[in-house]
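This report concerns only the one structure given below.
The values are calculated or read from the model by the stated rules, or taken from the named source; none is laboratory data. This structure is a prediction, so every number in the text was calculated from the model and none was measured. Note: ideal-geometry Cβ built from the backbone for every residue, glycine included; neighbour counts use all protein chains shown.
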Amino acid sequence: MSAGPEGVSTERGITTPVVGAVDPILDAIDPDRGRPPHVMETRDLTLGFGAKAILSGVTAPFARGTITALIGPTGSGKTTFLRTLNRMNDKVRGFRREGSVLLDGESIWSTEQDLFTLRRRVGMLFQRPNPFPMSIRDNVVAGVRAHRIAKGKQLDVVAEQRLLEVGLWDAVKDRLGDSPFQLSGGQQQLLCLARALAIGPEVLLLDEPTSALDPVSTEFVEHLLLQMTPALSMVVVTHNLGQARRISHQTMFLYDGNLVEHGPTAQVFEHPVHTHTERYVTGRMG
Amino acid sequence: MAVIAEPDRSAIRRRRRREVAFRVSTLVTLALVVGPAAWILLGVVLRALPHWRWSVLVTPTQGAAGGLSNAILGTLALMAGVLVVAGTLGILAGVFLAELAPVTGRRWSVTGILRSATDVLAGVPSITLGFVGYLALVLALHWGYSLLPAILVLSVMVVPYIAKSTESALRQVPTSYREGAEALGMRQGYALRKVVLRSAIPGVATGLLIALAISSGETAPLLYTAGFTNTLPKVALIHHPVAYLTYPVWTFYDYPTPAAHYLAYDAALVLLVLVLVLLVAARLIVARTQRHADR
Amino acid sequence: MAILGGATGAAPPAPPVKAMRRASVARRIAAAGWAHESRIWKIGGWVAASVPLGSLVFILVVLGHKAWPSVVVNGTHFFTGSAWKPGSTYGTTVHTHGFAHPAGSSYGAWPLIAGTLQTSIIAVVLAVPISLGAAFALTERLPGWLSRPLAFAVEILAGIPSVIIGLWGVLTLGPFLAQDVYPVIADHMPDVPVLSYFRNPVGHGEGLLTTGLVLGLMIIPIITATTRDLFLQVPPLPKEGGLALGMTDAEVARRVTLPWVRSGIIGATVLGLGRALGETMAVAMISGAALNTISPNIFGTMGTIAAAIVTQLDSSFTDGTGFATSALAEAAVVLVAITILANALARVVIARSARHGMPVGRGG
């Protein structure tokens with residue numbers, strides 16, 4: 001299903017976006033050495049807003065270096081679940097949670113966690129492109145600047161690298177100082193992807209990343225996402241069942257506030273255990 | 001790869017400190033805005049209340065003492081005049097700018113010039129309007145200190161405001177209303193009156209109320225157009241001076257007698273209540289319409 | 001827009017003949033009126049929309065006409081001279097360039113121009129950061145049940161008549177500052193350039209700094225309310241994008257929210273600046289309403305153009321030649337010119353800063 005990591009990087013001539021290295025040499029050989037097998041993991045996670053329950057008792061591991069698709073009918077709590085993983089819901093009024101979410105074995109709500117560092121490690125791509133009101137180049141390096149992980153001339157290198165990575169470089173290299181709002185929707189979304197990748201996340205959360213894009217752009221983005229594994233782990237919310245089948249290794253089916261089924265994508269689609277899942281993936285529901 | 005470094009601990013701490021400073025400073029600045037507002041309101045009330053006599057409302061001014069009935073009635077007369085003159089002109093101008101003005105792509109269209117003139121007039125200091133009113137209306141036309149020049153000057157002052165608020169209220173009326181009216185075969189003017197303006201009424205009314213609040217609190221344009229008089233307003237547009245509430249505040253606060261001071265404070269209090277009533281009414285209209293609007 | 005723009009000039013069709021015959025005369029007149037309703041709206045609209053332009057031209061013509069003798073006689077001295085001298089109004093009349101004026105009269109408005117600019121700059125420098133902070137607190141930090149009444153309090157502050165703020169400034173704020181605040185500042189300022197401007201004497205609370213502070217207070221609600229509305233229009237998605245990148249609220253504010261509405265904030269600032277430049281009553285009460293004085297330090301009494309007009313117009317008529325009034329008219333023209341210039345400048349800045357095509361740019 002997914003291309004090998006070496007093949008990806010040599011073929012595209014780019015480096016993988018994994019950072020957080022302690023020993024660069026050993027990490028180059030095995031970047032995941034000494035880490036839990038699951039990059040993220042939720043344990044008995046129950047979410048709600050005020051009196052309204054959204055999700056109850058979701059326990060799900062996310063394997064490192066894979067793409068997990070989150071599918072389910074509208075209102076099943078997919079987006080709420082996704083936004084909880086990088087604590088985007090914390091400030092929403094009435095948000096309540098039980099259970100835990102672990103990143104590399106550590107709770108994302110523990111006092112040890114710096115919220116801003118957490119979000120650097122767990123990035124997010126939104127349903128619609130949301131460029132900032134600054135130049136294309138500044139958009140790419142906005143996060144890098146905020147985290148002060150590069151400066152001066154390095155920023156130009158980062159910008160070029162990431163724009164190359166998402167295949168946008170040739171289209172924008174002559175107008176890096178221009179407004180991003182002149183780009184097409186697909187290009188804007190790629191810019192946002194480059195921006196999210198620039199800070200070197202370990203996990204990328206994608207909330208229906210192609211729902212606002214045309215089929216050609218969609219195919220391009222899907223291709224990119226596949227190429228980014230296994231260096232990057234991803235969780236993708238999607239309404240597009242075809243997309244889930246094409247790009248994900250694991251699929252989670254959420255229905256009516258519960259995690260109904262979770263397994264390898266092929267199995268969930270070909271041999272679903274639950275009738276709800278079967279009805280949904282065969283298009284008879286939702 | 002090498003260009004991206006791990007952020008060091010001190011950088012993270014610096015960012016956190018900056019964030020805390022940001023949050024605290026926004027609240028401090030808000031206190032700096034709201035605090036003085038409360039201080040001013042309390043200051044006026046506390047100066048006026050200890051000596052407050054209800055008779056102030058029904059007694060006319062006598063020299064630098066007495067009451068304020070002449071000024072209260074004068075201010076109400078001025079407001080009524082502004083409502084008629086500026087209300088008509090402002091709403092018509094707003095309707096024109098939003099609905100009727102020919103749309104051209106050119107930068108220097110007639111509409112563009114009219115619109116810019118409205119913006120510029122909105123920024124012209126009111127004292128210069130009073131000055132012109134004095135030179136042209138009071139002196140050159142021999143109207144003397146009187147109601148009409150005062151109303152005209154105040155109206156010129158608030159017409160841009162009413163036009164702008166009317167225009168933006170009309171712009172918020174959904175295009176589908178106009179298309180619906182068109183589909184029913186309504187004529188342009190009829191559709192405007194029955195459909196478009198009707199649904200813009202709350203916005204227009206809010207603008208009018210605020211314009212009235214502004215004009216009732218003005219002093220500079222009135223000093224040299226309305227004059228002042230101890231008698232109640234006469235039913236005459238010209239040749240008879242009119243009293244108004246801001247005059248005693250401006251004139252009597254540094255008179256040597258306590259009675260004059262009290263009159264200044266009383267006038268300030270009455271004026272404040274009047275303005276607050278207008279502003280609260282405007283706010284209530286906004287709140288009501290927002291409740292009915294589908295969001 | 002399409003239906004309303006379409007009927008230009010074309011007369012609406014007359015009502016059906018049958019209906020007309022049955023109608024009474026009064027009804028017929030009314031019907032004819034309504035039939036021409038579109039045209040009536042249009043004509044009324046044209047007339048009303050021309051009122052601001054007409055008023056503007058009228059103002060400039062009247063003031064310009066009145067100011068002309070002063071322009072000719074005082075020349076550039078009007079902008080550079082520091083003495084506002086009515087001359088001997090009961091003495092001899094002399095003629096310069098054909099215009100009569102009292103012997104010894106000459107008008108230099110530099111202290112007034114400088115005072116106008118000084119107080120307005122103090123006001124804007126104070127008001128902009130405070131307003132932005134308050135607007136952030138209202139839109140981003142506080143829950144709705146708290147921020148809505150506070151936003152209304154800001155609106156009320158905007159609506160308080162300037163003569164009342166002047167009353168408060170001269171009776172309450174001024175004495176308080178002169179007794180409890182200014183001495184602390186003045187006593188601790190070292191005698192070095194720039195900072196020595198903040199040294200004694202502090203005066204009695206009427207003067208440059210008090211006026212600047214009060215003007216700041218008067219324009220804060222204008223800028224705060226406009227900025228708050230602008231912030232509310234910023235779509236949530238880019239802000240969330242910033243947060244999802246691990247930006248702090250402060251960084252999102254600086255990198256996303258502020259740039260998004262930058263041109264609107266410039267517009268709001270100019271709106272405030274215009275108000276500060278033209279504010280008359282409060283300044284006349286608080287500044288000391290001096291005519292010939294540029295304050296030697298930040299606490300001293302001074303005057304502005306607007307305050308000079310309101311305090312001097314009455315007495316200018318003791319000059320039978322009308323020359324004193326003419327000088328005031330020239331001052332008024334200068335004031336109007338400054339406000340228009342500030343607005344024009346803002347438009348240039350807005351046009352330049354709107355490079356990144358923000359959806360908000362109408363300047364409030």
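What to note about this one:
- Per the conditions (1) of a type outside the set (D, E, K, R); (2) free of Cβ contacts under 8 Å to residues at least 60 places away in the same chain; (3) within 26 Å of C:Gly75 (Cβ to Cβ), the sole criterion not satisfied by C:Thr321 is (2).
- Qualifying residue in region A:193-209 (condition: surrounded by fewer than 19 Cβ atoms within 10 Å (Cβ to Cβ) and either over 20 Å from the mean Cα position of the chain (by Cα) or touching a residue at least 24 places away in the same chain (Cβ under 8 Å) (or both)): no
- Residues that are of a type in the set (Gly, Ala, Ser) and within 15 Å of the chain's Cα centre (by Cα), drawn from region A:39-65: A:Ala63, A:Gly65
- Counting only residues that are surrounded by fewer than 18 Cβ atoms within 10 Å (Cβ to Cβ) and of a type in the set (D, E, K, R), region A:216-236 holds 1 of them.
- Residues satisfying the stated conditions in region C:217-269, i.e. touching a residue at least 40 places away in the same chain (Cβ under 8 Å), closer than 14 Å to A:Ala142 by Cβ and among the hydrophobic types (A, V, I, L, M, F, W, C): C:Ala253, C:Leu258, C:Trp260
- Qualifying residue in region B:37-57 (condition: outside any helix (DSSP H, G or I), more than 7 Å from every other protein chain (Cβ to nearest Cβ) and surrounded by fewer than 17 Cβ atoms within 10 Å (Cβ to Cβ)): yes
- Total residues in region B:242-261, condition in a loop (DSSP other than H, G, I, E, B) and more than 29 Å from B:Val138 (Cβ to Cβ): 2
- If the condition is being more than 11 Å from every other protein chain (Cβ to nearest Cβ), closer than 17 Å to C:Ser88 by Cβ and outside any helix (DSSP H, G or I), then region C:296-343 contributes C:Thr318, C:Asp319, C:Gly320, C:Thr321.
- Only residues that are touching a strand residue (DSSP E or B) at 6+ places or on another chain (Cβ under 7 Å) and either part of a strand (DSSP E or B) or free of Cβ contacts under 8 Å to residues at least 60 places away in the same chain (or both) were counted in region A:64-87, giving 7.
- Residue match in region C:183-205 (condition: surrounded by 23 or more Cβ atoms within 10 Å (Cβ to Cβ), within 25 Å of the chain's Cα centre (by Cα) and in contact (Cβ under 8 Å) with a residue 12 or more places away in the chain): yes
- Members of region C:122-155 found to be outside any helix (DSSP H, G or I) and facing chain B (nearest Cβ under 7 Å), listed by number: none
- B:Ser25 meets each of the listed conditions (1) crowded, with 19+ Cβ neighbours inside 10 Å; (2) in contact with a Gly (Cβ under 7 Å, 6 or more places away or on another chain); (3) within 30 Å of A:Arg120 (Cα to Cα) apart from (1).
- B:Ala264, sole failed condition from (1) over 18 Å from B:Val85 (Cβ atoms); (2) of a type outside the set (Asp, Glu); (3) in a loop (DSSP other than H, G, I, E, B): (3)
- Flag if A:Thr117 is β-branched (Val, Ile, Thr) and within 14 Å of chain C (Cβ to nearest Cβ): yes
- Test: residue in region B:112-132 that is away from chain C (no Cβ under 11 Å), touching a Gly at 6+ places or on another chain (Cβ under 9 Å) and either among the basic types (Lys, Arg) or crowded, with 20+ Cβ neighbours inside 10 Å (or both): no
- Hey, C:Gly205 modelled with pLDDT under 90, assigned to a loop (DSSP other than H, G, I, E, B) and under 30 Å from A:Val92 (Cβ atoms) or not: no
- Count of residues meeting criterion [surrounded by 22 or more Cβ atoms within 10 Å (Cβ to Cβ) and within 16 Å of the chain's Cα centre (by Cα)] in region A:239-283: 6
- Residue that is hydrophobic (A, V, I, L, M, F, W, C) and either under 23 Å from B:Val132 (Cβ atoms) or under 21 Å from the mean Cα position of the chain (by Cα) (or both), where the choices are B:Ala183, B:Ala211, B:Ala191: B:Ala211
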